[in-house]
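First the structure, in the form of structure tokens, and then the observations on it.
The values are calculated or read from the model by the stated rules, or taken from the named source; none is laboratory data. It should be emphasised that the depicted structure is a prediction, and the values quoted were computed from it without experimental measurement. Ideal geometry is used to build each Cβ from the backbone, glycine not excepted, and the neighbour counts take in all protein chains shown.
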Amino acid sequence: MRHGFNRRPRASVEPPEIMEKSRSQIKREMLALQKLGDEMSCLSSRLLPELGLPEEILEAIAGLRALPPGGARKRQVKFLGGLLRCIAPDKLTEVERQFRMIKKVGITKTSKEKTCDSLH
């Protein structure tokens, strides 16, 4: 029998709400935040500050807008997703709710930002 460092510990008997998230769950959440950040880049410049996001995230969104589709844009989306992960979950839920409400009303598109639909 091989004894190595790569052995997984046995499943614990803790309740599900206390157990750690699986790698797959973490990746799904990470991709959802990246998608949210990419969608936020299509929001009008005057409406972004109303979401109450930190300045660093607003700057990352502005940087994302300036990039054409390609590798640099993908890296910026991942960077933005990482910044969004640093926000408290309850605050992030509120920001996402506000963003979805604004998006539903249809205020996201200006003449320059109509190209956002072609990027997704």
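Considering only region 40-64, state which residues are of a type in the set (D, E, K, R) and either without any contact (Cβ under 8 Å) to a residue 40 or more places away in the chain or buried (at least 18 other Cβ atoms within 10 Å of the Cβ) (or both).
Of everything in region 40-64, those that are of a type in the set (D, E, K, R) and either without any contact (Cβ under 8 Å) to a residue 40 or more places away in the chain or buried (at least 18 other Cβ atoms within 10 Å of the Cβ) (or both) turn out to be Arg46, Glu55, Glu56, Glu59.
List pairs: first in region 84-99 and farther than 10 Å from Leu33 by Cβ, second surrounded by 10 or more Cβ atoms within 10 Å (Cβ to Cβ), Cβ under 6 Å, 6+ apart or cross-chain?
Val95/Leu51; Gln98/Leu51
Filter region 40-58 down to residues that are among the aliphatic types (A, V, I, L, M) and outside any helix (DSSP H, G or I) and give me whichever is nearest to Leu92 (Cα to Cα).
Initially, region 40-58 is screened for residues among the aliphatic types (A, V, I, L, M), giving 40, 43, 47-48, 51, 53, 57-58.
Next, from what is left, pick out any that are outside any helix (DSSP H, G or I): 43, 47, 53.
Working: Leu43: 16, Leu47: 17, Leu53: 9 Å.
By that ranking, first place goes to Leu53.
Can you tell me which condition Arg23 does not meet? The list is (1) surrounded by 11 or more Cβ atoms within 10 Å (Cβ to Cβ); (2) at pLDDT 90 or above, and all the others hold.
Of the numbered conditions (1) surrounded by 11 or more Cβ atoms within 10 Å (Cβ to Cβ); (2) at pLDDT 90 or above, the odd one out for Arg23 is (1).
Give region 79-99 a look and list any residue that's of a type in the set (Lys, Arg) and either surrounded by fewer than 12 Cβ atoms within 10 Å (Cβ to Cβ) or within 16 Å of Arg65 (Cβ to Cβ) (or both), or say none.
Let us first name the residues in region 79-99 that are of a type in the set (Lys, Arg), namely 85, 91, 97.
Across region 79-99, the qualifying residue is only Arg97.
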